[in-house]
Amino acid sequence: MKQTIRKAFKFRLNPNSDQVQKMVEFAGANRFVWNKALALNLSRLENKQPMLWYHELAFWLGLWKQSDEYGFLKTVHSQPLQQTLKNLERAFKDGFDKKQPLKRIPKFKKKGLSDSFRYPQGFKLEQASNKVFLPKIGWVKYRNSRQVIGDVKNMTISRKGKYWYVSIQTEYEAAILHHQSTSMVGIDLGVKRFLTLSDGSYIEPLNSFKKWEKKLALAQRKLARKAKFSANWKKQKQIITRLHERIANARLDFLHKSSTEISKNHAMIVVEDLKVRNMSKSAKGDITRSGRNVKAKSALNKSILDQGWGMFVQMLEYKQHWSGGDVLRVNPQYTSQTCPCCGHKSKDNRLTQAKFKCVECDYTKNADLVGALNVLARGHRVLACGVETLVSTTKQEPVFTESACV
Ligand SMILES: [Zn+2]
């Protein structure tokens, strides 16, 4: 049996100044097309007119290109522009999809924040000489740090800070593997501990964030004192961008290490369905409750954590997919309040943030571990009940309901 594996390889580009200028132009044109088509659709929606989908939008794109006003679009390779329209169509469809409650109507792209464009074809890759060919830009050198495996499906060019990157997406066939381990484990995602496993082990959060956050806050205060758009202000802005990059890299590294470790040791991993969890406002409410500015701070922490958790689960899913294991998502409701011993469900079971004590049977344990045990138990129930489960890298994400099993 074979399966298709998709992989992305990202490298930093070393373009010359002409190429940089073109990339800036192309990214600008793609942002322009996205915003223009988005505005068009939003005004149609407002006027109760039907949406324009890809084929109609592509027709509009043709008109814009011929106009004097938007003639600059002609200098850009047409496929990335079409791809941008396809992406917009996808974003609208996701936004309307009721099964994906966290999706929203697409947003306008801002300059400098989402500079990217994708080639669906026409590119070339020469690994031996460390270069890629990008239509209308030419051969661009890249920092070749690892071998690209598989058939190249598309290339996305993007900017982060002052650097440009190419992300090469490939596909290849590989034999379906059987995971080397047979163990099944439940995971509780938390704040004090990044995660707790049902076997009692846990992973501390990445503490260096605190250090970085302080540096960032300091840098931002410095920025506020400088005259806007002055040379010093711009310099300070760059410092902040670099700090953000470092934080992002440290987090990515941390998430990779954690997910690799767990994926290696367990064939079946049960996690909380973050979509359901984010919607229930009770969630866990366990961000630190002391100190000043708790509200603003906890909102920030939460967003950082949410992002981290989402990414972490994604990594688990594809790593399990590669190694022949599985990830199962279960409904997280009441996993922190239910007694694993007698099943009694009550808020009063949580005396403190860290401690679980059942008011019915006196069962006492670390609260995060209780969460992980309940998650694992739900996983077992789902498998036993034969409810359709979700396997790691499936494209659509079925929303799992537990109605019959709770
Ligand atoms: Zn109990």
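Nothing in this text is a laboratory measurement; each read-out follows from the coordinates by a stated rule. Small disclaimer: the values here were computed from a predicted structure and weren't measured. No Cβ is skipped: glycine too gets one built from the backbone with ideal geometry, and neighbour counts run over all protein chains shown.
Can you give the Kirkwood hydrodynamic radius for segment 321-365, in Å, rounded to one decimal and based on Cα pairs? Could the numbers behind the result be given before it?
On the way: mean 1/r = 0.0833 Å⁻¹.
Evaluated on segment 321-365, it is 12.0 Å.
I'd like the trypsin sites (Lys or Arg not before Pro) in segment 169-243 restricted to DSSP loop residues with at most 11 other Cβ atoms within 10 Å, sorted by number.
Working: sites: Lys192, Arg193, Lys210, Lys211, Lys214, Lys215, Arg221, Lys222, Arg225, Lys226, Lys228, Lys234, Lys235, Lys237, Arg242; in loops: Lys192, Arg193, Lys226, Lys228.
Sites meeting the loop and neighbour criteria: Lys228.
With a cap of 15 neighbouring Cβ atoms within 10 Å, and only residues DSSP puts in a loop, list the GluC sites (Glu not before Pro) found in segment 66-136. It would help to have the intermediate numbers written out before the result.
Details: sites: Glu69, Glu89, Glu126; in loops: Glu69.
Within segment 66-136, the qualifying GluC sites (Glu not before Pro) (loop, at most 15 other Cβ atoms within 10 Å) are Glu69.
If each residue's Cβ is checked for other Cβ atoms within 10 Å, how do Thr156, Thr352, Thr364 rank with the fewest at the top?
Numbers: Thr156 18, Thr352 8, Thr364 13.
Going from sparsest to densest Cβ surroundings: Thr352, Thr364, Thr156.
Roughly what would the spin-label model give for Ala248 and Glu204, points 7 Å off Cα along C-beta, in nm?
In this crude spin-label approximation the distance works out to 2.7 nm.
Debye sum, Cα scatterers, segment 73-141, no solvent: what log₁₀ I/I(0) at q = 0.18 1/Å?
Log10 of I(q)/I(0), two decimals: -0.83.
Could you tell me which chymotrypsin sites (Phe, Trp or Tyr not before Pro) in segment 152-255 are loop residues by DSSP with no more than 13 other beta carbons within 10 angstrom of their beta carbon? Show your work: numbers first, answer last.
On the way: sites: Tyr163, Trp164, Tyr165, Tyr172, Phe194, Tyr202, Phe209, Trp212, Phe229, Trp233, Phe254; in loops: Phe194, Phe229.
Within segment 152-255, the qualifying chymotrypsin sites (Phe, Trp or Tyr not before Pro) (loop, at most 13 other Cβ atoms within 10 Å) are Phe229.
Would you mind counting up the charge near Cys358? Only other residues with Cβ under 14 Å from its Cβ, with Lys and Arg at +1 and Asp and Glu at -1. Before the final figure, lay out each step's value.
Details: positive: Lys345, Lys347, Arg350, Lys355, Lys357, Lys365; negative: Asp348, Glu360, Asp362.
Around Cys358, the charge tally is +3.
Are any of the pairs Lys110/Lys131; Lys107/Lys160; Lys86/Lys153 more than 21 Å apart by Cα-Cα distance, and if so, which? Don't skip to the end; give the middle numbers.
On the way: Lys110/Lys131 29 Å; Lys107/Lys160 19 Å; Lys86/Lys153 16 Å.
Pairs exceeding 21 Å: Lys110/Lys131.
Take every DSSP beta bridge with both residues inside segment 2-175 and express the antiparallel ones as a percent of the total, to the nearest 5. Show your work: numbers first, answer last.
On the way: 33 of 33 bridges.
Percentage antiparallel, nearest 5: 100.
Order these by the 10 Å Cβ neighbour count, fewest first: Ser230, Ser336. The partial results should precede the final answer.
On the way: Ser230 10, Ser336 24.
Listed from fewest to most nearby Cβ atoms, that is Ser230, Ser336.
Treating only the Cβ atoms of Lys and Arg (+1) and Asp and Glu (-1) as charged, compute the dipole magnitude of segment 7-111 about its Cα centre; round to the nearest 20 debye.
Details: 21 positive and 9 negative charges, 130 e Å.
Its charge dipole is roughly 620 debye.
Quick check: net charge around Pro15, other residues with Cβ under 11 Å of its Cβ, Lys/Arg +1 and Asp/Glu -1?
Numbers: positive: Arg12, Lys22, Lys131, Lys141, Arg159; negative: Asp18.
Net local charge, Pro15 excluded: +4.
Provide the FRET efficiency to the nearest 0.05 for the Gln238-Glu171 pair, computing r from the beta carbons and using R0 = 35 Å.
Working: r = 37 Å, r/R0 = 1.07.
According to the calculation, E is roughly 0.40.
To make sure I understand, if each residue's beta carbon is the centre and we count other beta carbons within 10 Å, what order do Ser258, Ser346 fall in, fewest to most? Mind showing how you got there, number by number?
Values: Ser258 18, Ser346 13.
Lowest count first: Ser346, Ser258.
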